[in-house]
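Visitor: Below you will find the structure I want to go over with you.
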Amino acid sequence: MNHAFWLDTWQAGRIGFHEGRPNSYLTRHGDWLAGCHRILVPLCGKSDDLTYLAGRGHDVVGVELVEDAVRQFFAEHDTTPVVTSRDGFSIYSAGAITILAGDFFVTTRALVGDIDGIYDRAALVALPPELRARYVPHLRALAPHATRELLVSIEYPDGGYEGPPFSVAEAEVRAAYADAEVQLVDEAPEPRGRAGGKMIERCYAIRLPHAG
């Protein structure tokens with residue numbers, strides 16, 4: 001990952017991707033993750049989706065590169081986390097929420113623990129093509145026993161916008177999850193009107209094959 005880019009983005013406050021409320025696709029389709037005890041949220045930032053998922057009874061494990069974003073999450077929720085260090089990561093924990101501060105691509109199964117569900121709103125689309133090719137295999141390796149994923153992606157015409165967020169076509173999503181059942185459950189124009197109003201958000205409910 002481009003560490004300098006994301007550190008600068010947070011330091012400069014260019015965080016338009018932070019919604020400040022639970023994502024609408026998650027609130028409409030979060031039942032897809034019902035029954036999943038421990039949910040992995042990659043590249044989570046300081047998303048309010050973490051508290052929404054925890055409020056629905058899930059244990060939540062986020063991974064975020066920028067440690068200041070992790071600190072902001074707990075400060076904005078008036079929570080003092082327990083902070084420990086392991087394998088180069090700072091681990092912030094409070095109640096049902098744990099956030100690992102460090103590079104997603106060096107995160108290990110030992111760090112995230114047993115995962116049976118995945119929620120991705122802003123991770124896949126935050127990555128350029130060369131990193132997306134690595135992202136899904138690593139995500140699946142971290143959570144081999146996950147059976148369900150809720151994925152929110154973005155698509156827009158070539159040249160219509162300079163990401164992130166990057167455009168991820170439906171065909172790319174289906175190819176990345178070729179061994180899974182991928183269902184497009186919702187879509188709508190991106191509300192900020194970027195890419196000349198041609199940016200589309202799509203929400204997928206993915207049933208993952210159990211690794212056994």
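Just so you know, all these numbers are worked out from the coordinates, no wet-lab data involved. In this text, all values refer to a predicted model and were calculated from it rather than measured experimentally. Cβ: placed from backbone, ideal geometry, glycine included. Neighbour counts: every protein chain shown.
Visitor: Let me spell out the model: positive unit charges on the Cβ of Lys and Arg, negative unit charges on the Cβ of Asp and Glu, origin at the Cα centre of the chain. What dipole size does that give, in debye rounded to 20? Don't skip to the answer; put the middle values down first.
Guide: Details: 20 positive and 29 negative charges, 28 e Å.
So the magnitude is around 140 debye.
Visitor: Which one of Ser90, His58, Gly102 is farthest out on the positive end of the charge dipole of the range 23-207, using unit charges on Cβ (Lys, Arg +1; Asp, Glu -1) and the Cα centre as origin?
Guide: His58
Visitor: Rounded to the nearest 0.05, what FRET efficiency is calculated for Ala171 and Val83 with R0 set to 45 Å and r the Cβ-Cβ distance?
Guide: It comes to 0.60.
Visitor: Follow-up question, since we're still on this one. Viscosity 1.306 mPa s, temperature 10 °C: what is the translational diffusion coefficient of the chain from Stokes-Einstein with a Kirkwood Rh over Cα pairs, rounded to a whole number of µm²/s?
Guide: Rounded to a whole number, D works out at 92 µm²/s.
Visitor: Right, something else. Identify the GluC sites (Glu not before Pro) of the range 153-197 meeting these criteria: DSSP loop state and at most 12 other C-beta atoms within 10 Å of the C-beta.
Guide: Glu162
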